[in-house]
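Visitor: Take a look at this one; I'll ask things after.
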Amino acid sequence: MENFTFYAPTYFAFGKDTEADTGSYIKRFKGTKVLIHYGGGSVIRSGLLERVKESLKQENLEYVELGGVRPNPRSGLVYEGIELCRKEGIDFILAVGGGSTIDSAKAIAAGAVYEGDFWDFYSGKIVEQALPVGTVLTISAAGSEGSPDSVITKEEGMFKRGATGEALRPRFSILNPALTQTLSPYQTACGVTDIMAHLYERYLTNTKDVDVTDRMIEALLLAMIQAGPKAVRDAADYESRANIMWAGMMAHNNSCGVGRTQDWTSHDIEHELSALYDCAHGAGLAVTMPAVFTYNMHHDVMRFAQIAVRVWGCQMDFAHPEETARAGIEALRSFLISIGMPGNFAGLGAEEKDIEKMAHSACYGNGNTGSIGGFVKLEQKDVEAIYRLML
């Protein structure tokens, strides 16, 4: 296990009706004038936005609103939010929504106190200062409610990039699983896929003897295999949604990733798909992960065989461990398809003609210098080959 530091100070309020206390949490963390940031229809139709605003009014907190966040959140709205924060003297940002809304809120929080272009943070600069952010989560997926990370799509060129910094960790996150009961089966499945991807990105490591975090990851994956199909079948299944919501946070606050190298190849490759085709991130990951794992399997066959046995219940073939490893990858792929995820390029609306462009962007964007991957170093030709496995 490698040396590490870990500090995750987010205050979590978990359970039914916890959004009624939003105002008191903002006041607890010294907010006085709030930007309420959200997407659109669902938080309005469900009455959630009004309940949140009423909570702020009860604490005599001033607020302004900025809606319009889209999936794969855009840089244009971030610039608008930064300008609004400066104009209105905002000192706290409240994200009401899923990962896209939280990521957009974090970008605004970083940009509002920065003299340069906020995109500097999505080009490799670490975020060291930001306005405080709180969240009311409505989708279990991205884990942004507990992480120091944010991903934004730049409209000029349409590419997705990430930023990070401890200043971006939310001060508090309100997690009411009942708020996810309005999600469609497809949205629920996309969320489960994203959670599983965050776990696999940490599991694929070159660090030896990290048994504690291996077992934590395996346990969370097993929980998703059990709870995911139940939540997809029955939107009202509160207990399954509760397990998914807490797993989503645990999967990405990095408690499962400390002391070990991590991969993030699947995310780098998928970001090109969702930026170019505007597909759901989870759907893109469902197609990307099996292709990446198949391509990288021989780098460490026993790691893939281990997860195949421990998580997917595959029989270990000691004479031919690559068969066990391959069976585990196929079990993941079959599971994702069974909950409604696509299995190939066509299911994403992606086209073969864009492979070279996407592979180049993945390998040379976001500060990369021609390669990606923390588990296996991949060059552009490798990434192109992985995209072709998705056809």
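Visitor: Can you give me the long-range amide H partners of V136? Hydrogens built in the peptide plane at 1.01 Å from N, cutoff under 5 Å, separation of 5 or more residues or another chain.
Guide: Residues meeting the amide H criterion: A95, V96, G97, I174.
Visitor: Two decimals is fine: what's Rg over Rh for the chain, C-alpha atoms, Kirkwood radius as Rh? It would help to have the intermediate numbers written out before the result.
Guide: Working: Rg = 20.3 Å, Rh = 21.1 Å.
Using only Cα positions, Rg/Rh for the chain is 0.96.
Visitor: State which entries of K154/K377; K125/K154; K154/K357; K27/K57; K160/K357 exceed 20 angstrom in Cα-Cα distance in the structure shown.
Guide: Working: K154/K377 26 Å; K125/K154 16 Å; K154/K357 16 Å; K27/K57 11 Å; K160/K357 14 Å.
Those over the limit are K154/K377.
Visitor: Looking at region 297-370, which chymotrypsin sites (Phe, Trp or Tyr not before Pro) are DSSP coil and have at most 12 other C-beta atoms within 10 Å of their C-beta? Let's see the in-between values first.
Guide: Numbers: sites: F304, W312, F318, F335, F345, Y364; in loops: W312, F318.
The qualifying sites are F318.
Visitor: If you keep only loop residues by DSSP, which trypsin sites (Lys or Arg not before Pro) in region 191-300 have at most 12 other Cβ atoms within 10 Å of their Cβ?
Guide: Values: sites: R202, K208, R215, K230, R233, R241, R260; in loops: K208, R260.
Within region 191-300, the qualifying trypsin sites (Lys or Arg not before Pro) (loop, at most 12 other Cβ atoms within 10 Å) are K208.
Visitor: Output wanted: per-residue J couplings in Hz (rounded whole) for region 82-89, from phi through Karplus 6.51 cos²θ - 1.76 cosθ + 1.60, θ = phi - 60°, x for Gly and Pro.
Guide: Once rounded to whole Hz, the list reads 4, 4, 5, 4, 5, 5, 9, x.
Visitor: Further question on the same structure: Once each part is reduced to its C-alpha centroid, what is the distance from region 52-125 to region 174-207 in angstrom?
Guide: Each part reduced to its Cα centre gives a spacing of 23 Å.
Visitor: Please calculate how many Å² of accessible area the chain carries per residue, with a 1.4 Å probe and no DNA, RNA or ligand atoms counted. Show your work: numbers first, answer last.
Guide: Numbers: 15640 Å² over 391 residues.
Here the residues of the chain average 40 Å² of exposed surface.
Visitor: Any idea what the dipole of region 1-142 comes to, in debye rounded to 20, about its Cα centre with Lys/Arg Cβ at +1 and Asp/Glu Cβ at -1?
Guide: Values: 15 positive and 18 negative charges, 58 e Å.
I would put it at about 280 debye.
Visitor: Another question, if that's okay. If you fit an axis through the alpha-carbon atoms of helix 48-58 and take the longest principal axis of the Cα set of the chain, what angle between them do you get, 0 to 90°, nearest 10?
Guide: 40 degrees
Visitor: Contact order normalised by length for region 173-313, with contacts defined as Cα pairs under 8 Å and 6 or more residues apart; what percent is it? Walk me through the intermediate numbers first.
Guide: Details: 147 pairs, mean separation 48.0, N = 141.
About 34 percent, as a whole number.
Visitor: Shifting gears a bit: Under the Karplus relation 6.51 cos²θ - 1.76 cosθ + 1.60, θ = phi - 60°, what is the ordered set of whole-Hz ³J(HN,Hα) values for region 207-224, x standing for Gly and Pro?
Guide: 7, 8, 6, 10, 5, 4, 6, 4, 5, 4, 4, 4, 5, 5, 5, 4, 5, 5
Visitor: Tell me the relative contact order for the chain as a rounded percent, counting alpha carbon contacts under 8 Å between residues six or more apart. Let's see the in-between values first.
Guide: Numbers: 778 pairs, mean separation 60.4, N = 391.
That works out to 15 percent.
Visitor: Now for a separate question. Using only Cα atoms, find the angle between the long axis of helix 185-203 and the longest principal axis of the chain, and express it within 0 to 90 degrees, rounded to the nearest 10.
Guide: Tilt relative to the chain: about 70 degrees.
Visitor: Which residues' amide hydrogens lie under 5 Å from the amide hydrogen of S150, considering only partners 5 or more residues apart or on another chain, with H built in the peptide plane?
Guide: When sequence neighbours closer than 5 places are left aside, the close amide H contacts are A163.
Visitor: How large is the charge dipole for region 172-314, taken about the Cα centre, if only the Cβ atoms of Lys, Arg (+1) and Asp, Glu (-1) carry charge, to the nearest 20 debye?
Guide: Numbers: 9 positive and 15 negative charges, 66 e Å.
About 320 debye.
Visitor: Place +1 on the Cβ of every Lys and Arg and -1 on the Cβ of every Asp and Glu in region 110-239, take the dipole about the Cα centre, and give the residue among A231, A178, Y200 whose Cα lies farthest towards its positive end.
Guide: Result: A231.
Visitor: Something else about it: Tell me the net charge near C314. Cut-off is 15 Å between Cβ atoms, C314 excluded, with +1 for each Lys or Arg and -1 for each Asp or Glu. Before the final figure, lay out the partial values.
Guide: Working: positive: R303, R310, R326, R333; negative: E218, D317, E322, E323, E330.
Counting the neighbours of C314, the net charge comes to -1.
Visitor: What per residue convex hull volume, in Å³, do the alpha-carbon atoms of region 154-298 yield?
Guide: Numbers: hull volume 19.7 nm³, N = 145.
So the per-residue hull volume is 136 Å³.
Visitor: Still on this structure, please answer the following. Calculate what fraction, in whole %, of the accessible area of the chain sits on carbon and sulfur atoms when a 1.4 Å probe is rolled over the protein chains.
Guide: Details: 7820 of 15640 Å².
Heavy-atom surface of the chain belonging to carbon and sulfur, 1.4 Å probe: 50 percent.
Visitor: Collect residues whose amide H, placed 1.01 Å from N in the peptide plane, falls under 5 Å from the amide H of F12; neighbours closer than 5 in sequence don't count.
Guide: Under 5 Å from the amide H of F12: S173.
Visitor: Assigning unit charges at the beta carbon (Lys, Arg +1; Asp, Glu -1) and nothing else, what dipole magnitude in debye, to the nearest 20, does region 120-205 show about its Cα centre?
Guide: On the way: 7 positive and 9 negative charges, 16 e Å.
Using Cβ point charges on Lys, Arg, Asp and Glu, region 120-205 gives about 80 debye.
Visitor: Taking only C-alpha pairs under 8 Å that are 6+ residues apart, what is the relative contact order of region 234-361 in percent? Intermediate results must be reported in sequence, preceding the final value.
Guide: Working: 100 pairs, mean separation 29.9, N = 128.
Relative CO of region 234-361 lands at 23 percent.
Visitor: Select from T5, V34, S24 the residue farthest towards the positive end of the dipole of the chain; place +1 on Cβ of Lys and Arg, -1 on Cβ of Asp and Glu, and compute about the Cα centre.
Guide: S24
Visitor: Angle between the Cα long axis of helix 281-296 and the longest principal axis of the chain, 0 to 90 degrees, nearest 10?
Guide: Tilt of helix 281-296: around 30 degrees.
The values are calculated or read from the model by the stated rules, or taken from the named source; none is laboratory data. Quantities reported herein were computed from a predicted structural model and do not represent experimental measurements. Ideal geometry is used to build each Cβ from the backbone, glycine not excepted, and the neighbour counts take in all protein chains shown. The protein model used for the area step is the full one, side chains on, heavy atoms only, and it has no ligands, DNA or RNA in it. Shrake-Rupley method; radii C 1.70, N 1.55, O 1.52, S 1.80 Å.
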